[in-house]
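Q: Got a structure for you, questions after.
The values are calculated or read from the model by the stated rules, or taken from the named source; none is laboratory data. Given the structure is predicted, the values throughout are model-derived calculations rather than measurements. Every residue, glycine as well, gets a Cβ built from its backbone with ideal geometry; the counts of neighbours run over all protein chains shown. These accessible areas exclude ligands, DNA and RNA; they are computed on the full protein's heavy atoms, side chains included. Shrake-Rupley method; radii C 1.70, N 1.55, O 1.52, S 1.80 Å.
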Amino acid sequence: MVNKQLYLVVEMEQRKEDKMASDFAKAQQDLQEHEMRQQALNEHKAQYMQDVMDRGRAGVDIQQMNRFQAFIGKLDQACSLQANKVTTARKVVDQRRALWLNQQRKRKAIEALIDKQKQAMQLAEQRAEQKMFDEFAMQQFVRKQLT
């Protein structure tokens, strides 16, 4: 019989793998959200720059231009900060994917060990059965020879 403890280990490893797969999926979702925010910020900045250019053609005073430039600076900071968040989120996705795949390999290795044990047991059972049939056939042969 295959070691029952291995089945428990596989079950535990499967739970760990499921948790890691869930963590990986959440990291992917977070990355998508950060990328959408980055895209929205970049679009907002582009639109704001276009508005400034349009207003500039109509004429603006120095104070308005200074406010425009200050706000563009804040938008640049926000875009940079969001780009950093996207980079970090990508790293997290890569790390969680690697952890999940490693856990998956670990579980599969234990399952392979169980399969190997099952095959060894089946082979031993087949050999024992064959030995029993051989002994039975030998006994029948001896009985026929004696009679």
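Q: What pairs come up if the first residue lies in the range 77-102 and is within 12 Å of PHE24 (Cβ to Cβ), the second is open to solvent by 40 Å² or more (accessible area, probe 1.4 Å) and acidic (Asp, Glu), and their beta carbons are under 9 Å apart, counting only those six or more places apart or on different chains?
A: Pairs that qualify, where the first residue is within 12 Å of PHE24 (Cβ to Cβ) and the partner is open to solvent by 40 Å² or more (accessible area, probe 1.4 Å) and acidic (Asp, Glu), are VAL92/ASP30; VAL93/ASP30; ARG96/ASP23; LEU99/ASP23; TRP100/ASP23.
Q: While we're on this one: Considering only the range 109-138, state which residues are open to solvent by less than 90 Å² (accessible area, probe 1.4 Å) and either over 30 Å from MET12 (Cβ atoms) or touching a residue at least 24 places away in the same chain (Cβ under 8 Å) (or both).
A: Scanning the range 109-138 gives ILE110, GLU111, LEU113, ILE114, GLN117, LYS118, MET121, ALA128, ASP134, ALA137.
Q: Additional query: Would a scan of the range 32-47 turn up a residue that is assigned to a helix (DSSP H, G or I), under 19 Å from the mean Cα position of the chain (by Cα), loosely packed, with under 14 Cβ neighbours inside 10 Å and at pLDDT 95 or above?
A: Taking every residue of the range 32-47 in turn, at least one turns out to be assigned to a helix (DSSP H, G or I), under 19 Å from the mean Cα position of the chain (by Cα), loosely packed, with under 14 Cβ neighbours inside 10 Å and at pLDDT 95 or above.
Q: OK, next. Name every residue in the range 63-81 that is among the polar types (S, T, N, Q) and more than 33 Å from the chain's Cα centre (by Cα), in order of residue number. Before you say what the answer is, go through the steps one by one.
A: Our first condition is that a residue be among the polar types (S, T, N, Q); within the range 63-81, this holds for 63-64, 66, 69, 77, 80.
Within the range 63-81, GLN63, GLN64, ASN66, GLN69 meet the criteria.
Q: Please determine whether any residue of the range 53-62 is at pLDDT below 95, buried (at least 16 other Cβ atoms within 10 Å of the Cβ) and either over 36 Å from the mean Cα position of the chain (by Cα) or part of a helix (DSSP H, G or I) (or both). Show your work before the answer.
A: Residues of the range 53-62 that are at pLDDT below 95, as a first pass: 53-62.
The next check asks that each one be buried (at least 16 other Cβ atoms within 10 Å of the Cβ); those that pass are none.
No, the conditions are met nowhere in the range 53-62.
Q: Could you tell me whether GLN28 is touching a residue at least 12 places away in the same chain (Cβ under 8 Å), open to solvent by less than 70 Å² (accessible area, probe 1.4 Å), part of a helix (DSSP H, G or I) and not aliphatic (A, V, I, L, M)? Before the answer, list the steps.
A: Numbers: touching a residue at least 12 places away in the same chain (Cβ under 8 Å): yes; open to solvent by less than 70 Å² (accessible area, probe 1.4 Å): no; part of a helix (DSSP H, G or I): yes; not aliphatic (A, V, I, L, M): yes.
Criteria not met by GLN28.
Q: Determine, yes or no, whether PHE141 is open to solvent by 90 Å² or more (accessible area, probe 1.4 Å) and of a type in the set (A, V, I, L, M, F, W, C).
A: Details: open to solvent by 90 Å² or more (accessible area, probe 1.4 Å): yes; of a type in the set (A, V, I, L, M, F, W, C): yes.
So PHE141 fits the description; yes.
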